[in-house]
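Every number in this text was worked out from the coordinates using simple rules, so none of it is lab data. Every value quoted in this text rests on a predicted model; they were computed, and no experiment measured them.
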Amino acid sequence: MGMSVGQKGSSLAEMNVVPLIDILLVLLIIFMVITPSTPMGLDALVPQPTPPNQAHQDDLMNQTIVVQVFSNGKLKINEEDTTWDTLGGRLDTIFKQRAQKVAFVKGDDTVFFADVARAINIMREAGIDKVGLLTPRMESGQ
C-alpha cells in the first residue's frame, strides 16, 4: 500500500493495484492455455447402408443374434442347433455382410461360466465387436 501525503496533518492510504493486475493477467493466460481450443466431439457408430443386391435378406440382417449355451453342452444360434466346432464358422458367415457386429450370449442357470466365456471367445475370434450377456431380467424387460 502506498501513502499520499499532501496536506498538513492528513494522510490518505492508496492501494497499489498494479501487482494485482499483473497477477490477474498471468492467471488469465494460464487458464487460456489450459483450456483446449478445439472442441471435443463424441464418437458415434453410424449405421452403414445395406448393399442393393442384399435386399431379399433384409429380415435376416435385422435379426438379433443370440448364442444360447446349455448345461448339457449343446449350443444354439437363434434356435438353430450348432456345435462348438462349427460355432465360429457359422458366426463368421452370419456377420460377413453385416455392418454392425453385435451379438448376445445367453446361458442356462446351471451352465458353467467357463462355457459362456468359451462362447464369448469364439465370438470375438469370429470378428464380433460387441458381445452382450442376456439375463432373465433383461429378457423380461425389467
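By the rule of a C-alpha distance below 18 Å, with chain neighbours fewer than 8 residues away ignored, the lysines paired with Lys130 are Lys96, Lys101, Lys106.
Quick one: what do you get for the stretch 68-142 if you divide its Cα Rg by 2.2 N^0.38 Å? If you can, show how the numbers build up before the last one.
On the way: Rg = 12.1 Å, N = 75, 2.2 N^0.38 = 11.3 Å.
That ratio works out to 1.07.
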